[in-house]
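Some notes on the structure that comes next.
Bear in mind that the values in this text are calculations on the coordinates, not laboratory data. Quick caveat: nothing in here was measured; it's all calculated off a predicted structure. When we count neighbours, we look across all protein chains shown, and the Cβ atoms used for this are built from the backbone with ideal geometry, even at glycine.
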Amino acid sequence: MPTFEQLGLIPKLVRAVTEKGYSEPTPIQAKAIPAVLGGRDVMGGSQTGTGKTAAFALPILQKQFERRSKSRSPRALILAPTRELAVQVEESVFRYSKGLGIHSVAIYGGVKMPPQISKLRRGVGVVVATPGRLLDHSEQGTIDLSEIEVFVLDEADRMLDMGFMPDIRRIIGLLPERRQNLMFSATYSAEIRKLAGDLLHEPMQIEVARRNTAAERVNQVVHPVERSRKRELLTKLIEDGDWRQVLVFARTRHGADRLSRQLRNDDVRAVAIHGDKTQGQRTRALEEFKRGAVRVLVATDVASRGLDIRQLPHVVNFELPDVAEDYVHRIGRTGRAGEEGDAHSLVCRAERDKLAEIEALLGKRIERREIEGFEGEDVEARGRRAGSGPGQRGRSRKSSGGRPGKGGPRPEGGGSGSSDELLEKPPRRKSPSAGAADKRKRKPKWSAARKRAAKAKRAQSASAAATAKRRPGKRPKRRPPPPRRGKG
Ligand code: AMP
């Protein structure tokens, strides 16, 4: 592997990465840094955890440093799908830019605009933004995108999954035509290829790792356990293993809250992070977890996306995700950038089909390890051999058409028309039914009779909505597109 100097980085940046503790470039950095410095467009097939942030941030900063400008307008725009990721990417940019005199700002929704506006007014070289809030600034004229030289689309597949495509196209329309484009995506769907074809000019293709590499690096184990005894088993694993820092995944916001409460009752310091928490609460929870003040961070899938917690040794799936691919993302939180990690899944009988789908996606069987006192739960799929090979397809996000919520609280961010605030969609983009879905989700207990009544009511309102849709006068008003700014 070449050194950072050999990749052409200036001494100030080499010092910055050395201070961060990086001894050598990761594979994606080794390929992308020279390409970006050379002005090429890049298509990076890479997940988080591979060091891709530095792969684009370092050369962007170097180019701005070498060709300084007096303008206060940003010269690089990085789009990220979630607030958390935007904040983390900006934190990295901020650290790497130490001593270069280049300022950066993270722009995302759910917080007040004026502090972001005043940072923009003072002058920034790099803007890291989520799409909705960026468009808000653009519409209000508080950001000038006409001097953008480099445009980065980070986690492009997530962006499309979250329905950001129209926003991305509008943002691209606001940028100058002459610019360098970098796009990163963990997966390649037809839609991603089409976007790459439209956006990138003779890109350098960088493929650093096969899709499920995290799955190969992480020691995975399934603990069969009755559903009602999962919390007890989790506490035992934490205490017996003397785990100091563990990220636990729950399927729903309500489940995440309840579990963190129960853990605290067991004297395990725990905190939950999900879309019902304010930005401040989430930042605080993450910060407490990072500095070791809390031992367990209970997160939903959406809330965990893009979390950068270095050397996270243990990840626990308290419940398996509905979409097999989310399992790979979850366990990717451990064993990052070459570190070893372990992922424990507490699996009950009702989850055996999900387990089989995950194993089909991985193309291998996950080790079963029964814990003394918790034995006897059968988690093997009936009628088919689990993990019989990669030919057996897991339920993918695309093929399932969203996450299937089979009654009970829906998984966070699940299904179409998700109303999760974490997705950084401004309220005007919410679907009219989203508020109602939210209220449903927050109801605490569901008796079978109430479930049936609610289902009937939902079916009734769906058919009423369909009738209303057919009547032209009842259509919700569409906002007109905003005036175009900039040269592009
Ligand atoms: P990313 O893929 O950008 O989310 O980075 C994943 C993690 O790897 C972050 O915690 C980075 O700080 C870390 N990282 C990035 N580059 C390196 C490197 N060259 N050596 C060691 N760790 C790194």
Completion exercise
Any residue on another chain or 5+ positions along whose placed amide H is under 5 Å from the amide H of Arg251 is listed here as Glu319
Practice task
Work out from phi, with θ = phi - 60° and the Karplus expression 6.51 cos²θ - 1.76 cosθ + 1.60, the ³J(HN,Hα) of each residue of segment 104-121, listed in order in whole Hz, and give x for Gly and Pro.
Solution key: 9, 8, 9, 10, 8, x, x, 10, 5, 7, x, x, 5, 5, 5, 5, 4, 5
Handout entry: Residue exposure sequence - Ser73, Ser118, Ser345 - by fewest surrounding Cβ within 10 Å
Key = Ser118, Ser73, Ser345
Practice task
Please state, as a whole number in µm²/s, the translational diffusion coefficient that the Stokes-Einstein equation yields for segment 143-192 at 20 °C and 1.002 mPa s, with Rh defined as the Kirkwood radius across alpha carbon pairs.
Solution key: 184 µm²/s
Practice task
Would you mind computing, in nm to one decimal, how far apart the modelled labels at Arg349 and Arg382 are, each placed 7 Å from Cα along Cα→Cβ?
Solution key: 1.0 nm
Problem - Difference of contour (0.36 nm per residue) and Cα-Cα distance, Met113 to Glu24 - result: 28.2 nm
Handout entry: Percent RCO, i.e. relative contact order, over segment 11-207, from Cα pairs under 8 Å lying at least 6 residues apart
Key = 30 percent
Practice task
Report the full-extension gain for the segment Glu139 to His201: residue separation times 0.36 nm, less the Cα-Cα distance, to one decimal in nm.
Solution key: 19.5 nm
Handout entry: Per-residue ³J(HN,Hα) for segment 4-13, Karplus 6.51 cos²θ - 1.76 cosθ + 1.60, θ = phi - 60°, Hz, x for Gly and Pro
Key = 4, 4, 5, 7, x, 6, 6, x, 4, 6
Practice task
Would you please give the FRET efficiency between Glu177 and Asp257, computed as 1/(1 + (r/R0)^6) with r the Cβ-Cβ distance and R0 = 51 Å, to the nearest 0.05?
Solution key: 0.60
Problem - Modelled FRET efficiency - R0 51 Å, Arg369 with Met1, Cβ distances, 0.05 increments - result: 0.90
Problem - Debye-sum result for segment 32-73 in log10 I(q)/I(0), which assumes one identical scatterer on each alpha carbon, at q = 0.26 Å⁻¹ - result: -0.92
Fill in the blank from the handout: Per the C-alpha gyration tensor (a ≥ b ≥ c, the square roots of its eigenvalues), segment 46-123 is rounded if a/c is under 1.5, else prolate if a/b beats b/c, else oblate; here it's oblate
Problem - Approximate spin-label separation Asn265-Arg15, in nm, with each point projected 7 Å along Cα-to-Cβ - result: 5.5 nm
Exercise for the section: Using the number of other C-beta atoms within 10 angstrom as an exposure proxy, rank Asp342, Asp161, Asp154 with the fewest first. Expected result: Asp342, Asp161, Asp154
Completion exercise
Any residue on another chain or 5+ positions along whose placed amide H is under 5 Å from the amide H of Val347 is listed here as His223, Val225
Problem - Global form of segment 11-207, assessed from the alpha-carbon gyration tensor, a/c cut-off 1.5 - result: rounded
Fill in the blank from the handout: Karplus-derived 3J(HN,Hα) from phi for segment 358-365 (6.51 cos²θ - 1.76 cosθ + 1.60, θ = phi - 60°), whole Hz, x at Gly and Pro, runs 5, 5, 5, 5, 6, x, 7, 8
Completion exercise
Percent of all Cα-Cα pairs per 10 Å bin for segment 218-368, counting from 0 up to the last occupied bin, reads 11, 46, 36, 7, 0
Exercise for the section: Please list, in chain and number order, the residues 5+ apart from Ile107 or on another chain whose amide H is under 5 Å from its amide H, with Hs placed from the backbone. Expected result: Val128, Ala129, Thr130
Fill in the blank from the handout: Among Lys63/Lys112; Lys20/Lys52; Lys194/Lys364; Lys20/Lys236, the pairs whose Cα-Cα distance exceeds 25 Å are Lys63/Lys112; Lys194/Lys364; Lys20/Lys236
Exercise for the section: Give me Glu357, Glu91 ranked fewest to most by other Cβ atoms within 10 Å of their Cβ, as a rough exposure proxy. Expected result: Glu91, Glu357
